[in-house]
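S.K.: My questions all concern the structure below.
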Amino acid sequence: MITVSGLTKQYGDRTVVDDVSFTLEPGTVTGFLGPNGAGKSTTMRMMTGLVPATSGTALVDGRPYAELPNPGAVVGTLLDASAVHPGRTGRAHLRLMAAAAGVPASRADEVLALVGLADAARRRIGGYSLGMRQRLGIAGALLTDPPVLVFDEPANGLDPEGIRWMRDLLRGHAARGGTVLLSSHLLGEVEHTVDRLLVIGQGRIVADGSVASLLGAEGTTVRAAEPAALAAALQAAGFTVQRGDDGALVVPGADPAAVGAVAAAGGHALVDLRPVSRDLEDLFFSLTA
């Protein structure tokens, strides 16, 4: 469990994170979204003790990150995949991390295999591609098999196969009772990965809820063999009817069952009936514009 309460960060007279509060529960993947400069990375760095908060608290199982006996055993982080010594090999880097975290050196090879870098274990990190560095950073976060994962833009540099692999990894971690906080600019991928969305704009949380609740249906789209007759029947039943650019009828605020009932009562033949929902991109821009 992670509890963030009133977290605020000011640099001089500029407030970059403003009274942010939320709770992350086990078994969930939470997407943390916002435009550049909205305060995502600063919030995550305050949560993990890298940036001191001006005010507010971020607690992991009731303690600040810095007061955990072995923070790396509780929270696995990927906040900057480039923050590695380019002259070390991938294996040497992870073995140093393993020694600091108190896990066997053999664990380095296990996580290298897990993230698909077993063949690159003896190569120097300076020769790794961006995607390989991302995988190495994820390997470091998984070294201790921590219950909490905090990832800032982990999909940077990953190819489609790598993004799918990462999605399965995070979903599997949550399914085993883990807690995941994930920031990303890949809105489509976030929509398919997370259970819950936190949206931040200008340093403040502007939306917090499940994907289903935030992207809920806004109406119904229907196509009929005789659209003019169906439109008249819907209007007579008290519905507002709009004509879409593609010839379909759009009924704002109505669910498909209600529209279907009107069509059935009037004997109207339907060729399409489906809810109209916002996609994540529409939601993102409406909240952060």
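Please treat every number below as a calculation from the coordinates, not as lab data. Given the structure is predicted, the values throughout are model-derived calculations rather than measurements. Note that each Cβ is placed from the backbone with ideal geometry, even for glycine, and that neighbours are counted across all protein chains shown.
S.K.: So what is the relative contact order for the chain, in percent, with contacts set as C-alpha pairs under 8 Å and at least six apart?
M.R.: Relative CO of the chain lands at 21 percent.
S.K.: Stretched out fully, how many nm does the piece from residue 83 to residue 124 gain, at 0.36 nm a residue minus the Cα gap?
M.R.: My answer for the length gained is 13.4 nm.
S.K.: When all alpha-carbon pairs of the range 217-277 are counted, what percent fall beyond 20 Å?
M.R.: Value for the range 217-277: 8 percent of Cα pairs lie more than 20 Å apart.
S.K.: Still on this structure, please answer the following. Determine Rg/Rh for the chain; Rg is computed over alpha-carbon atoms and Rh is the Kirkwood hydrodynamic estimate from the same atoms.
M.R.: Taking Rg over the Kirkwood Rh, I get 1.11.
S.K.: With a Förster radius of 41 Å, plug the Cβ-Cβ distance of residue 100 and residue 164 into 1/(1 + (r/R0)^6) and report the FRET value to the nearest 0.05.
M.R.: Working from the Cβ atoms, E equals 0.85.
S.K.: With a 10 Å radius around each residue's Cβ, average the other Cβ atoms per peptide and rank 207-215, 176-184, 135-143, highest first.
M.R.: The packing order, highest mean first, is 135-143, 176-184, 207-215.
S.K.: When the label point is put 7 Å from the Cα of residue 232 along its Cα-to-beta-carbon vector, which residues of the range 253-280 have a backbone N closer than 20 Å?
M.R.: Within reach of a label on residue 232, which here means backbone N under 20 Å from a point 7 Å along Cα→Cβ, the range 253-280 contributes 259-271.
S.K.: Given only helices, namely DSSP H runs of n ≥ 4 each adding -39500 (n - 2.57), what is the per-residue ellipticity at 222 nm of the chain, to the nearest 500 deg cm²/dmol?
M.R.: Mean residue ellipticity at 222 nm (helix-derived): -10000 deg cm²/dmol.
S.K.: Let me ask you something else. Which peptide among 266-278, 30-42, 160-172, 90-102 comes first, and what is the full order, when sorted by highest mean count of other Cβ atoms within 10 Å?
M.R.: 30-42, 90-102, 160-172, 266-278
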